[in-house]
Amino acid sequence: MTEKSSPLLDLIWGVSAIATAIGRTDRQTFHMISTGELPARKIGNRWVIERTRLVAHFTEDAA
């Protein structure tokens with residue numbers, strides 16, 4: 001029986017870390033998340049986003 005390997009998730013945790021990744025302030029980033037402009041999810045009390053989805057979000061808009 002072979003095991004399926006699951007890809008590792010590269011997650012960015014917290015508004016500050018997400019803001020750093022996209023070059024925005026915490027306030028700008030929180031606004032983008034709360035309006036649904038960024039595909040982040042709230043887990044517990046922290047926002048989290050998968051790095052590949054974040055990159056795809058910006059590259060799709062540019063295309």
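Some notes on this structure:
- Around GLY14: net Lys/Arg minus Asp/Glu count, Cβ-Cβ under 15 Å: +3
- Full-extension gain in nm, THR20 to GLU60, via 0.36 nm per residue minus C-alpha separation: 12.4 nm
- Residues whose amide H lies under 5 Å from that of LEU11, counting only those 5 or more places away or on a different chain, are ARG51; hydrogens are built 1.01 Å from N in the peptide plane.
- Amide H contacts of TRP47: GLY14, VAL15, each under 5 Å away and 5 or more positions distant or on a separate chain (H built 1.01 Å from N in the peptide plane; Pro and chain starts excluded).
Every number in this text was worked out from the coordinates using simple rules, so none of it is lab data. Please read these numbers as outputs of a predicted model, since none were measured by experiment. Note: ideal-geometry Cβ built from the backbone for every residue, glycine included; neighbour counts use all protein chains shown.
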